[in-house]
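The values are calculated or read from the model by the stated rules, or taken from the named source; none is laboratory data. Here the structure is a predicted model, which is why all the values come from computation and not from measurement. Cβ atoms come from the backbone with ideal geometry, glycine included; neighbour counts cover every protein chain shown. Surface accessibility is based on the protein's heavy atoms, side chains included, excluding ligands, DNA and RNA. Shrake-Rupley method; radii C 1.70, N 1.55, O 1.52, S 1.80 Å.
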Amino acid sequence: MRHFIFFALRRQRGRNIAASSGFLLATCALILLSATTQTTVLQANQIISQNWRSTYDLVVLPSQEPVSAMKTVPADLFEGYDGGISIQQYEQIKKLPGVAVAAPIAYIGYALLPGSSVQLGPVPPTPGFYDLTWTLTAFNGKQHLIEYQSLLRSYVQPSSESLDSKTLDAFNTLGIENIQAANFFGKNEGYEISLPVVGTFLLAAIDPAAEDQLVHLNSGIVSGTMLPEQQPLQLDTQDPQLAVGGSPGQNHSIPNYDIPLLFNAQPSGNITLHATLIRVKSDTLNPQQILARGGLSYLEHLPRQTVFAGNVPFALNTPQFFSPGLTLAQDGHTWQLQQSKFTGSGTMPEQPVLTFVSAPSGLTYRPATPPNGGIAPAYTLVPAANQNTSNIATQTNMNLQNTESNLQGNMATASPEVAFRTLTPLQGQSYYSGAYTAYNGAIYTPQTIGVFNDQRLAAEFTNPLNWLPENTYAAPPVVLRYDAHGHAVTPTNLLPTTNPAGFTLQPPLALTTLAAAERIRGVHCISVIRVRVAGNVSPDEVGWLHVTHVAQLIHQQTGLQVLITPGSSPKPTLVYIPGIRQGEDGATQSIAPLGWAEERWIAIGAGIIYLQQSGETRSLLLGAILLVCLGYLIVTLSALVSAQRRELAVLSALGWEPWQAAASFLSQAFLLALGGGIVGLALALLIVFLIGASPPWLLVAWTIPIVLGLAILAALYLSLIHI
């Protein structure tokens, strides 16, 4: 039989070379495809490993938030939570095994920006009539929106003129209740004018020590000092008790606590406050004379002189306005901070106090069909059922300023944006017609202690491969991709405005301590807790199980919901931003839709899913390669069987047993497989090194046995059929 095997190999050289080439190709295909697949998987695994863990591993949410089935998370998820986690639960989480850092965020609510004063020039005002127009403009990336506008009229009387009853009657007859006399301006200090309260800011509370461990908050401070460690609030040293009146003959006072604030040096968005101060040239005319000559219509047609026109700093970009008794003076070129000498009358407190307007609120999404060419999934925002909720701050502004002075004129304060969040007013006890508002039986005075740079801190969360929906220091990216009709447009970054009910929100302007949040909102003030798990969390299923164990422990001990973040990855998601018609849901004006915007949602656990699927894919690919090789070898070896059928029939007639014929064919296949496998292995390794792929050494070691096994299987199959 040995002689027949070598005779057959020599006589059918062409067919044997073809069969051996089949084994060579099978070996090359097995090695090369496995090497390239392994290289791709290794590179992907390396990227996942390097970006496996972000700043934190777990997010603890209030128990009423169902998150167990969440696969994708909206970018602004956390900022919409209005408390729900208690201080006691936070202390309990910090002590649990496996928790390295637990850093809470308490979104206390939206508070009114404090008003202050500015001095528009060093020259004392000339007696006469003045018009002052304030305009707050926000650029949302696509258009400029007027979010606040007011007209204030004033009359500066000459020193020789007395403001008698006839003059006051003239004001009333003219229907201009908001005109005042000389005490509106500083008598000798130039045009010092009260700033309007033009909006709100979001105040959030943190645990300074935990936040510093998590995001290195201390390194982001550009001036001032860090927030103090958690400790009870202290009463204000100047006014520990504020008198708020009471029944006749009785004085009533409320404790006044200092609230330490750490401000954001560079708030998101493009928001400006513009002032235009115009003097009406009517030096010799008084209100009675104006009334006699036609009233306001006559006044409006008189020549005018622009005293000042330009942008004015305000509390959103000037944290110093949160300090009492300060003003900004314009010297013609720059603004200088100085002690206020404003002599205007009013009932506002001598120092700013925190007046909260509303609590944070989330968005409501509805599944939608993306425009042509758009990515899936896609959603549409659902407008708030009551569009007037977006004007809570506006209404409070009007009430507060009407109390502050009688300088309000015509006001256009309706927000030109759709409200997508239902804002819940924060109830407090009002005193002095809104000048003071007490929460939990106290009044709170802001104390600026430092300023931080949000860009330094936002870098902790902006890794494009494991970006997290962290709104504490930066607004999430929103890019307009399609117009309202689904047509592609030039990609435009949409910016947050001052609207607390809009789809894109400003991050907190100021941070304070948990002690302040607890004093203002109560013990269940915490919105979310970000947790970093102790130890090495490996980028695999073992690491995932370790983090999952800590998450389950937190849930069992506190009853709170926990979101697992390792291996999470951004998922671009299209969101339609609709408009609204006048009268719909209480809207006072029609607002056109913006179109389709791409938001950066988060796919939870995308990394671990990829790792699992990559292993399964490699196994399936290897199995498919082996099946294809086996089929190719069967076809190749069947030609040998057909060519040797006559010789085997003769040998059977001469006395060969069937097993001898099968053994002869198996031996030939074994030798051909061995030769082709060795040559194919050497050739494949050469190509692998030339293309810079990663050799699958374990598979290389098993390649020859695998090829021999395929040869035996193919030969046995053909022997059973043909021999």
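Miscellaneous remarks
- The residue of the range 97-139 that is surrounded by the fewest Cβ atoms within 10 Å (Cβ to Cβ), among those that are modelled with pLDDT of 90 or more and in a loop (DSSP other than H, G, I, E, B), is PRO97.
- Residue match in the range 427-436 (condition: modelled with pLDDT of 70 or more, under 20 Å from the mean Cα position of the chain (by Cα) and open to solvent by 20 Å² or more (accessible area, probe 1.4 Å)): no
- Conditions (1) in a strand (DSSP E or B); (2) modelled with pLDDT of 90 or more: number failed by ILE254: (2)
- Residue ID - modelled with the highest pLDDT, chosen from residues in the range 172-200 that are open to solvent by 10 Å² or more (accessible area, probe 1.4 Å) and not in a loop (DSSP other than H, G, I, E, B): THR200
- Applying the set (1) of a type outside the set (A, V, I, L, M); (2) modelled with pLDDT of 80 or more; (3) open to solvent by less than 40 Å² (accessible area, probe 1.4 Å) to SER63 leaves exactly one unmet item: (3).
- Residue ID - nearest to the chain's Cα centre (by Cα), chosen from residues in the range 514-548 that are closer than 14 Å to VAL59 by Cα and open to solvent by 10 Å² or more (accessible area, probe 1.4 Å): ARG532
- Of all residues in the range 85-124, those being in contact with a His (Cβ under 6 Å, 6 or more places away or on another chain) and on the phi > 0 side of the Ramachandran plot number 0.
- Test: residue in the range 604-623 that is at pLDDT below 85, closer than 30 Å to ALA384 by Cα and touching a strand residue (DSSP E or B) at 6+ places or on another chain (Cβ under 7 Å): yes
- Close pairs from the range 521-544: first without any contact (Cβ under 8 Å) to a residue 12 or more places away in the chain and over 28 Å from GLY362 (Cβ atoms), partner open to solvent by less than 30 Å² (accessible area, probe 1.4 Å) and outside any loop (DSSP other than H, G, I, E, B), Cβ under 9 Å, at least 6 apart: ASN536/GLY543
To keep it simple, each residue is scored yes or no on (1) among the small types (Gly, Ala, Ser); (2) over 23 Å from GLU192 (Cβ atoms); (3) surrounded by 14 or more Cβ atoms within 10 Å (Cβ to Cβ); (4) modelled with pLDDT under 90.
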{"position": "GLN339", "(1), (2), (3), (4)": "no, no, no, yes"}
{"position": "PRO349", "(1), (2), (3), (4)": "no, no, yes, yes"}
{"position": "GLY362", "(1), (2), (3), (4)": "yes, yes, yes, yes"}
{"position": "ASN388", "(1), (2), (3), (4)": "no, yes, yes, yes"}
{"position": "ASN391", "(1), (2), (3), (4)": "no, yes, yes, yes"}
{"position": "GLN395", "(1), (2), (3), (4)": "no, yes, no, yes"}
{"position": "LEU400", "(1), (2), (3), (4)": "no, no, yes, yes"}
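- Looking across ASN406, ASN463, one residue alone is at pLDDT below 85 and in contact with an Asp or Glu (Cβ under 8 Å, 6 or more places away or on another chain). It is ASN406.
- Residues in the range 259-307 that are open to solvent by 30 Å² or more (accessible area, probe 1.4 Å) and under 20 Å from PRO352 (Cβ atoms): ALA265, PRO267.
- Identity of the residue in the range 201-234, under 30 Å from ALA435 (Cβ atoms) and open to solvent by 70 Å² or more (accessible area, probe 1.4 Å), that ends up modelled with the highest pLDDT: GLN234
- Any pair with Cβ under 6 angstrom, 6 or more apart, that starts in the range 549-565 at a residue that is within 19 Å of ILE604 (Cα to Cα) and ends at one that is crowded, with 16+ Cβ neighbours inside 10 Å and charged (D, E, K, R): GLN561/GLU65; THR565/ASP57
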